[in-house]
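Q: Take a look at the following structure, please.
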Amino acid sequence: MKELTSKRILVTGGAGFLGSHLCERLVAQGHDVLCVDNFYTGSKRNVAHLLDNANFELMRHDVTFPLYVEVDQIYNLACPASPIHYQYDPVQTTKTSVHGAINMLGLARRVHARLLQASTSEVYGDALCHPQTEDYWGHVNPIGPRACYDEGKRCAETLCMDYRRQHGMDVRIARIFNTYGPRMHPRDGRVISNFVVQALTGEALTVYGDGSQTRCFCYVDDLIDGLMRLMECETPCDGPVNIGNPHEISMLDTARLVIALAQSDSPIAFAPLPADDPSHRCPSIERARGLLDWTPHTPLDIGLGATLDWFRRLIDDAHAAPVAQAAAPHV
Ligand code: NAD
Ligand code: UDP
Ligand code: UDP
């Protein structure tokens, strides 16, 4: 019975933060998982615990080049996701989103696989509609420093919809909102990893701008559950689906919460707001609720507690020695 229901599943970007959690969950369900990654921001360490599993295979490959494998499903997650990582080599970021999507869609087309594209709330840019619903077209600066990521992901969505219309393919688009949890890169510059490392090491928490800008943070386990439901959904999915936690919080309140949960003496320091930083972001998840019967369950303090525990262990590890400052990707 297990053999009849288990699938061959390709996860691109599988050695990254989200990808490694996804691989773990798929392997636990008995699927045969091929993890493809060029280790640009991800690491073998994130999937080291899966390497001995007969249902897991790790391949070093860059998705901007063609890939010929036989699979039933493709989760296309490959792409640097944090602003400092995707701005480090913006041309490569756009290539990864666009050429990567073309190659994975071409592969899916040849082998008749279902494909889920990891898109992002960044397609809404500095949104003029709040909360953001999937039918909002967005407010993106096409020539700013975030555009390589925002426009790359928008083009990947276009390609998904055109492969669907032109070739009748089965594609799903997940618009992922800010997600956090264990295995975030300690130096990715994202707000949760920065604040957590800063609070645990006694450094000042760096709040950009006046800290009034808001985000909604989804715990990684909830997010992965949403992605897997979207992939398995048998009701036709005609367009993108927001996956995120609608609980909205300002960055200043986030800093205060992290300090309290970590029982830290760290002060708060204000720093300049980066260019094109969206002022508010919050998902409408009505479509995910209706289509997937999905809703996130993990409250922010519980998820942050688990994240703090994981980073504490990482900091105790003599080999990790993380510091909260900008870091280039591994290549
Ligand atoms: P991550 O940087 O931890 O993981 C991305 C993975 O892709 C890394 O392992 C990296 O090495 C790999 N990769 C990058 N370029 C590649 C290439 N050309 N070929 C093969 N592999 C490549 O980021 P993440 O947070 O795990 O994000 C995963 C996906 O989810 C991304 O597509 C991202 O845009 C999307 N997303 C994430 C968030 C979030 O909050 N984490 C929010 C919105 C969207
Ligand atoms: N491709 C791939 N693996 C496959 C099939 C296709 O990587 O198994 C890539 C290949 O680079 C191709 C792209 O996907 O150029 C788009 O494929 P499609 O069939 O849509 O168009 P083609 O370019 O082959 O006409
Ligand atoms: N931010 C902050 N301090 C930090 C890192 C980020 O105040 O040390 C802010 C950042 O300006 C943005 C929010 O936190 O307003 C979320 O930033 P992140 O890079 O995590 O994600 P994104 O901007 O892509 O939502």
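Any read-out appearing in this document is the output of simple, stated calculations on the displayed coordinates, not a laboratory observation. Keep in mind that this is a model prediction, so the values were computed, not measured. So basically every Cβ, Gly included, is an ideal-geometry build from the backbone, and we count neighbours across all protein chains shown.
Q: Beta carbons within 10 angstrom, averaged per residue: use that to sort the peptides 45-51, 243-249, highest first. Kindly include the intermediate steps, with their values, before the conclusion.
A: Values: 45-51: 16.6, 243-249: 20.7.
In decreasing order of mean packing, 45-51, 243-249 become 243-249, 45-51.
Q: Step through the residues of the stretch 220-226 one at a time and calculate ³J(HN,Hα) from phi using the Karplus curve (6.51 cos²θ - 1.76 cosθ + 1.60, θ = phi - 60°), rounding each to whole Hz and writing x for Gly and Pro.
A: Per residue, the Karplus-derived 3J(HN,Hα) values read 4, 4, 5, 4, 4, 4, x Hz.
Q: For the Cα atoms of the chain, what angle does the longest principal axis make with the long axis of helix 191-201, in degrees from 0 to 90, nearest 10?
A: With rounding to tens, the tilt is 50 degrees.
Q: What is the spin-label model distance, in nm, from Asn53 to Arg313 if the labels are put 7 Å beyond Cα along the C-beta direction?
A: 1.6
Q: A further question on this structure: From the phi angles alone, apply the Karplus equation (6.51, -1.76, 1.60; θ = phi - 60°) to the stretch 48-55 and give each ³J(HN,Hα) in whole Hz, x where the residue is Gly or Pro.
A: Each residue's phi maps through the Karplus curve to give 4, 6, 9, 4, 7, 7, 4, 8 Hz.
Q: Specify the angular offset, from 0 to 90 degrees and rounded to the nearest 10, of the alpha carbon long axis of helix 90-111 from the longest principal axis of the alpha carbons in the chain.
A: Rounded to the nearest ten degrees, it is 30.
Q: In what sequence, highest mean first, do 10-17, 190-197, 298-305 appear when ranked by Cβ atoms within 10 angstrom?
A: Values: 10-17: 28.6, 190-197: 24.1, 298-305: 17.2.
Going by the mean number of other Cβ atoms within 10 Å, highest first, we get 10-17, 190-197, 298-305.
Q: Where the only charges are on Cβ atoms (+1 Lys, Arg; -1 Asp, Glu), what is the dipole of the chain about its Cα centre, to the nearest 20 debye? Working shown, then result.
A: Details: 29 positive and 39 negative charges, 112 e Å.
For the chain, the charge dipole is close to 540 debye.
Q: Could you work out how far apart the two model spin labels at Thr235 and Arg109 are, taking each label as a point 7 Å from the Cα in the direction of the beta carbon, and quote it in nm?
A: 3.0
Q: Next up: Pull up all non-local amide H partners of Val36: gap of 5 or more, or a different chain, and H-to-H distance under 5 Å with H placed in the peptide plane.
A: For Val36, the qualifying residues are Val11, Thr12, Gly13, Gly14, Met59.
Q: Taking one equal scatterer on every alpha-carbon of the chain, how large is log10 of I(q)/I(0) by Debye at q = 0.07, 0.12, 0.13 1/Å?
A: -0.26, -0.81, -0.96
Q: If one takes the longest principal axis of the Cα atoms in the chain, at what angle in degrees, from 0 to 90 and to the nearest 10, does the Cα axis of helix 17-28 lie?
A: 50
Q: What number in nm² do you get for the stretch 121-222 if you take the convex hull of its Cα atoms and divide its surface by four?
A: On the way: hull surface 34.5 nm².
Convex hull of Cα atoms, orientation-averaged projection: 8.6 nm².
Q: Under the rule of at least 5 residues apart or a separate chain, name every residue whose amide H is placed under 5 Å from the amide H of Arg172.
A: Those lying under 5 Å, H to H, from Arg172 are Leu115, Leu116, Gln117.
Q: On to the next question. Once amide H atoms are built 1.01 Å from N in the peptide plane, which residues 5 or more positions from Gln132, or in another chain, come under 5 Å H to H?
A: Cys282, Ser284
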